[in-house]
Amino acid sequence: MADNLIQKSGESTWYVRLQVPSDVQHKLGAKVLIKSLKTGLRREAMERRLPILATWKAQIKAARQGTPLPEGWQHDVISLNADIGQMFENQKLALVGISAPPPVLVDPTVEARMKSNPRLVAAFEKFVKDHLKDGMAGNVRLMDEMSKDFQSLIPKLLSRRFNLPADQQVEVNDVLANPSRYKARSPITTARLKTYREFRDSRGGAPKHVDQQVGKMERLSDFLKNEGLPLNFDAVDAWLNSMNRSPATLSQYLMAGTSFWNWAMKYDGTWRVEYKDKVNPFKGHDLPQGGGSETAGQERQIYTQDDTLKLRQAALDNKDKPLADLIALGWYTGARIEELCQLRKDSVITVDGIRCFDFPKSKSKASKRVVPIHPGLLTTIDRLCEESTDSFLIPTSSHDHYGKRSHAISKAFGRLRTAAGFSKLYVFHSFRHTVVTKLIRADVPDALAKELVGHETGSVTHDVYSKGASTAQKLAAISKLPALH
């Protein structure tokens with residue numbers, strides 16, 4: 001039977017048959033596996049047997065290797081062991097007249113099965129009678145021995161239910177024997193965070209923002225596991241104090257925690273039951289002061305015209321013409337660095353006879369805007385359109401995994417700024433501060449200045465009802481920015 005095919009006596013139908021190895025017969029519940037192939041043709045039977053044999057062999061392999069326990073099993077095993085012990089301790093208290101919670105009711109199905117076995121009932125009755133004849137001392141000893149017997153069933157039940165690998169069977173016994181060695185698990189499990197991430201992604205969350213919030217929860221989970229702490233207000237407070245971060249950064253950690261907590265309380269049934277009477281542990285914290293970067297809490301500086309010329313020349317000296325062009329674009333537009341790196345040749349449009357940048361929506365609704373090109377920038381834009389090889393005005397060497405084109409050139413600007421002697425209070429975004437400041441000082445109306453840089457005005461009149469300034473008005477305003485010479 002090398003091909004595992006047989007025909008039963010008096011039948012023409014072929015069967016596939018496999019002898020189950022003795023070491024896994026008790027796990028698969030059979031000594032032999034057999035299945036009809038529903039054909040009398042041997043050629044067809046030879047083909048049909050293959051996937052069945054493959055499935056059986058995979059089951060045998062899995063039975064030998066075992067199925068690992070789910071994440072966080074140690075906490076559940078220790079809790080069950082403690083609950084059993086406490087149940088019998090309560091019964092001992094009841095024996096001497098001390099009030100104790102009522103015993104846990106036995107599952108009716110289990111009780112019926114036990115009572116249906118006369119030998120088991122007789123053995124149990126004899127066990128109880130042997131102890132009761134010794135009075136109170138026998139009663140107490142009975143509770144102790146029953147507690148020990150019930151607790152000893154835990155590894156056996158787990159092994160039977162999960163088909164544990166040998167090494168995990170040893171670990172179960174060690175956890176039960178030495179529960180103090182095991183630190184409390186974190187309820188913020190890998191599986192739970194995976195589900196949370198999928199939920200956030202399905203709701204259109206920005207990938208970078210979702211990654212950052214999930215990452216913060218992963219760090220909290222590691223802290224809880226390493227310190228052996230439950231998730232509560234005190235643990236979150238200890239976590240915050242363990243980080244050398246500015247209050248603003250710590251606030252972001254708390255916001256990430258609240259976002260996760262709100263999701264779990266609404267969409268995770270197990271979490272909702274476990275924490276139904278608990279308050280949000282991420283609320284009400286007085287944040288530790290200090291920490292963070294050396295510039296934390298300090299305002300960003302703006303670039304002067306001389307600063308900008310110095311930076312642009314330094315880029316040219318480094319033979320980095322794209323960076324020099326990006327600096328000029330920053331000076332003349334105040335646009336965000338990623339907005340500038342996303343500009344294409346077809347982003348240069350003509351409206352009312354005036355050449356403009358058509359900025360697509362990026363950070364907010366107001367970020368989608370049409371801005372006239374400053375007269376001092378027109379020649380540069382003509383050159384960039386002519387030189388473009390991929391339709392983008394600013395060539396970049398790489399993207400990050402969020403699809404941002406500005407990643408590499410932003411790093412290059414940071415190195416250039418440092419080498420030129422500027423502190424960390426000067427960043428590319430400082431050009432945005434510069435443009436807004438210069439527009440306001442040139443008496444450009446506040447609403448028009450915000451329209452040019454893509455900020456909402458906060459006014460219903462402007463943000464909802466107004467169609468904005470005319471192209472001519474915007475050109476007149478943007479032209480008040482001094483030209484780079």
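The values are calculated or read from the model by the stated rules, or taken from the named source; none is laboratory data. What you see is a predicted model; the values in this text were computed from it and never measured. As a convention, Cβ positions derive from the backbone with ideal geometry for all residues, glycine included, and neighbour counts pool all protein chains shown.
Yes/no matrix, rows are residues, columns are (1) outside the structural domain of Ser159 (by TED's automatic domain parsing); (2) assigned to a helix (DSSP H, G or I); (3) without any contact (Cβ under 8 Å) to a residue 60 or more places away in the chain:
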position: Tyr15; (1), (2), (3): yes, no, yes
position: Asp23; (1), (2), (3): yes, yes, yes
position: Lys27; (1), (2), (3): yes, yes, no
position: Thr39; (1), (2), (3): yes, no, yes
position: Pro51; (1), (2), (3): yes, yes, yes
position: Lys57; (1), (2), (3): yes, yes, yes
Mind listing whichever residues of segment 392-427 are assigned to a loop (DSSP other than H, G, I, E, B), within 21 Å of Gln212 (Cβ to Cβ) and modelled with pLDDT of 90 or more?
-> Val427
Pick from segment 198-211 the residues that are of a type outside the set (D, E, K, R) and surrounded by fewer than 14 Cβ atoms within 10 Å (Cβ to Cβ): which of them is nearest to Trp239 (Cα to Cα)?
-> His209
Looking only at segment 340-351, which residues are crowded, with 22+ Cβ neighbours inside 10 Å and assigned to a helix (DSSP H, G or I)?
-> Leu340, Cys341
Of the residues in segment 444-471 that are at pLDDT below 80 and charged (D, E, K, R), the one that is surrounded by the fewest Cβ atoms within 10 Å (Cβ to Cβ) is Lys467
State whether one or more residues within segment 330-348 are of a type in the set (Asp, Glu) and more than 27 Å from Gly403 (Cα to Cα).
-> no
Might you check whether a residue that is in contact (Cβ under 8 Å) with a residue 60 or more places away in the chain, in a helix (DSSP H, G or I) and closer than 16 Å to Asn280 by Cβ occurs anywhere in segment 221-241?
-> no
Condition test on Asp382, is it surrounded by fewer than 17 Cβ atoms within 10 Å (Cβ to Cβ), without any contact (Cβ under 8 Å) to a residue 12 or more places away in the chain and part of a loop (DSSP other than H, G, I, E, B)?
-> no
Tell me, yes or no, whether segment 281-297 has at least one residue that is at pLDDT below 95, assigned by TED's automatic domain parsing to the domain that holds Glu198, surrounded by 13 or more Cβ atoms within 10 Å (Cβ to Cβ) and part of a loop (DSSP other than H, G, I, E, B).
-> no
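Pick out the one residue from Leu5, Leu18, Leu28, Leu37 that is hydrophobic (A, V, I, L, M, F, W, C), at pLDDT below 90 and either touching a Cys at 6+ places or on another chain (Cβ under 7 Å) or surrounded by 15 or more Cβ atoms within 10 Å (Cβ to Cβ) (or both). Full working, then the answer.
On the way: Leu5 fails: at pLDDT below 90; Leu18 fails: at pLDDT below 90; Leu37 fails: at pLDDT below 90.
None of the other options fit; the residue is Leu28.
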Among residues of segment 428-443 being outside any loop (DSSP other than H, G, I, E, B) and free of Cβ contacts under 8 Å to residues at least 12 places away in the same chain, the residue surrounded by the most Cβ atoms within 10 Å (Cβ to Cβ) is Ile440
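What are the residues in segment 180-210 that are assigned to a helix (DSSP H, G or I) and free of Cβ contacts under 8 Å to residues at least 12 places away in the same chain, if any? If you could, list the steps in order and put the result at the bottom.
We begin by selecting, within segment 180-210, every residue assigned to a helix (DSSP H, G or I); these are 180-181, 190-202, 207-210.
Selection gives Ser180, Arg181, Lys194, Glu198, Asp201, Ser202, His209.
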